[in-house]
Every structure is written in C-alpha cells, then in structure tokens.
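One structure below.
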Amino acid sequence: MVKVRIIPTLLWKDLGLVKGIGFNSWRRIGSLLPAIKVFNARDVDELILNDISASVFEQPPDFDTLEGVSNESYVPFTVGGGIQSVDDITKILRYGADKVSINSSAYTNPTIIEESAKKFGSQCVVASVDVKRSPEGEYFCYSHSGSKNTNRKVLNWVKELESRGAGEILLTSIDRDGTMEGYDLDLISSVTSSVKIPVIASGGAGNYQDMVDAILIGKASAVAAASIFQFTDQTPAEAKKYLHKAGVPVRKNFEVGN
C-alpha cells in the first residue's frame, strides 16, 4: 500500500479562517497565516487551502493572500477557490502552490481539467467533488461551496474527471462536513471502486479511527480533515501514530515507539 497522507484543510474567507457544518453557518476561528505556521511546526504531509469567498461569489483567486501563504508554508499545499482558467492556475503555481483544486469551473468548462493536466501534469490537478445524498439515497455533485446542485451523479462525474486527466479526487461529503460523525464510507467505497486515481476522503472525521476506516474500508488514499484539528486536542502527528499502529503505512516523522 502507498503511504497514506493526512491533510489538514484550511478554509478562509476575507483573510479569516472559518469552519461550518454542512458547508453552512461559517464562523471565524482565527487567522490563516498563524494557522499555516502551526501546521508547519507539526510536520504535516500537505495542506489544502480553499478560498470560500472566491468559490461562492465567483471571484478570482486571492493572489495577494496566496503570496503570503507561500512565504510562510514549508509543506506542499493545494489551493482551491475561484479558479476559472489555465491562466489562474499558472499564477497560483507561480506563487508557490504545488497543486490546484478545481470544482465549480469544471462543471461549466470541463476542458479546464484536461488543458491544465496537459500543461502542468496530472499530478498538479486535484478534482474537488462535493457531494450530497438525496432522500432517495442517490449521491449528487454540488458546486459553489455546496450551494448549487449540478444534478450530476457522483460516479458518472468522477469517471469523467479521471478520463479528462485529473490526478486525484478530493471527495467531500457535505452531509458529514463539520459533524465529526465519521466519513461517509459508502460514498468513499463507491468512488474508489469506480476510478483508478487516488481519492482523498473529506468530511466528517471525528477521531483517528474514522481515518483508519476511510482507508481500510473505504480504500481512500489520503484523508483530509478540518474540525478534528481545530476543535479538539487531536493532532496530525498523533493521527499518524494511530494509523501506523493500525497497520496503515504513513510517512514517519515521529518516533515509532511513542
């Protein structure tokens, strides 16, 4: 098994760090740059940064903030929010990001996935897929930070994203987001069994066992989380220790005997 990544997710809105439940009721929980410094000190594998304002209001990426992040971050990071063109991606990568996360624009202009993969390589292109479960039990994709139902079924969409050149899928359950009740294992399993590219599970992590379940049961290649690291004493380093003891291969920047 490839070594699993544990990826803190940071959501920012107007320079402030925010978090909500079900992509709603955003509340401020601090500032972005100090949080970046904290995670630098915790030796995380990667970070995911998403600009909520740009996503919801279709604003261009906040390049000024991105420049500040690049100056502070010593770990690889992925940037999402407001990306509309290959030119936007070019600027984001030049400002120091390692990958881009594309969501809303892919629905209206799916060629942005293949164009960016061709120009920068699939490893730079993360297709972000935000999902809600309907009352009938079907999974549908949502855009604009979960505010618009695209009426696309998730399995059809992830297969298309893969065929267009996406390097990995960031799969977020809107229903589980911020609840800390565990990942949607049915959703994760259905997607990982439908595509060959890595899937990052997101939405619902409340403890380290949830992460183990997403990997061993859901077959996710990585786990992303926000609330667990912002509202509890649980840390990425302790998560790695727990996963290691559960037999999940992780990057060991900790003492195995601890």
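FYI, it's all coordinate maths here, none of it is from the lab. Please read these numbers as outputs of a predicted model, since none were measured by experiment. We place every Cβ from the backbone using ideal geometry, glycine too, and count neighbours over all the protein chains shown.
Based solely on its DSSP helices, what 222 nm [θ] is calculated for the chain when runs of n ≥ 4 H residues each add -39,500 (n - 2.57) and the sum is averaged over all residues, nearest 500 deg cm²/dmol?
Only helices count here, giving -9500 deg cm²/dmol.
Can you give the local net charge around E115? Use residues other than it whose beta-carbon is closer than 11 angstrom to its beta-carbon, Lys and Arg +1, Asp and Glu -1.
After counting each charged neighbour, the total is +1.
Taking K and R as +1 and D and E as -1, what net charge do the other residues with C-beta under 12 Å from the C-beta of S189 add up to?
Surrounding charge for S189 is -2.
If the cut-off is 19 Å between C-alpha atoms, which lysines fall inside it for K119, apart from same-chain ones fewer than 8 positions away?
The reachable lysines, counting only those whose Cα sits under 19 Å from K119, are K91, K99.
In Å and from the alpha-carbon atoms only, list the Rg and Dmax of the range 115-258.
Rg and Dmax of the range 115-258, Cα atoms, are 15.6, 49 Å.
I need the calculated FRET efficiency for the pair K245 and F57, taking r as the beta carbon distance and R₀ as 45 Å, to the nearest 0.05.
Result of the calculation: an efficiency of 0.55.
Which of rounded, prolate or oblate describes the range 1-140 when judged by the alpha-carbon gyration tensor and an a/c cut-off of 1.5? Each step should come with its number before you reach the end.
Numbers: a/c = 1.33, a/b = 1.10, b/c = 1.21.
The shape class here is rounded.
Among the chymotrypsin sites (Phe, Trp or Tyr not before Pro) in the range 29-82, which ones are in a DSSP loop with at most 15 other Cβ atoms within 10 Å of the Cβ? Mind listing them? Please report the intermediate quantities before stating the final value.
Working: sites: F39, F57, F63, Y74, F77; in loops: Y74.
Answer in residue order: Y74.
What does DSSP give for the range 5-245 in terms of the percent of beta bridges that are antiparallel, rounded to the nearest 5? Walk me through the intermediate numbers first.
Working: 15 of 45 bridges.
Just about 35 percent of them are antiparallel.
For D14, what is the net charge nearby, where nearby means another residue's Cβ is under 11 Å from its Cβ and Lys, Arg count +1, Asp, Glu -1?
Computed value for this residue: 0.
Where the centre of each part is set by its Cα atoms, how far does the range 98-126 sit from the range 68-91, in angstrom?
Their Cα centres are 13 Å away from one another.
Sorted by packing (mean other beta-carbon atoms within 10 Å per residue), highest first, where do 240-247, 155-162 land?
Working: 240-247: 16.8, 155-162: 18.2.
Ranked by mean Cβ neighbours within 10 Å, highest first: 155-162, 240-247.
Report the residues of the range 152-175 in range of a label on Q123: point 7 Å along Cα→C-beta, backbone N strictly under 20 Å from it.
Only 162-170 pass the distance filter.
Sequence-distant or interchain residues sharing an amide H contact under 5 Å with T179, placed H: which?
Amide H neighbours of T179, under 5 Å, 5+ apart: G22, G204.
What distance in nm separates the simple spin-label points at E181 and K219, each placed 7 Å from Cα in the Cβ direction?
2.6
Among DSSP beta bridges whose residues both lie in the range 49-177, state the antiparallel percentage, nearest 5. Intermediate values should be presented prior to the final figure.
Working: 7 of 21 bridges.
Of the beta bridges lying entirely in the range 49-177, close to 35 percent run antiparallel.
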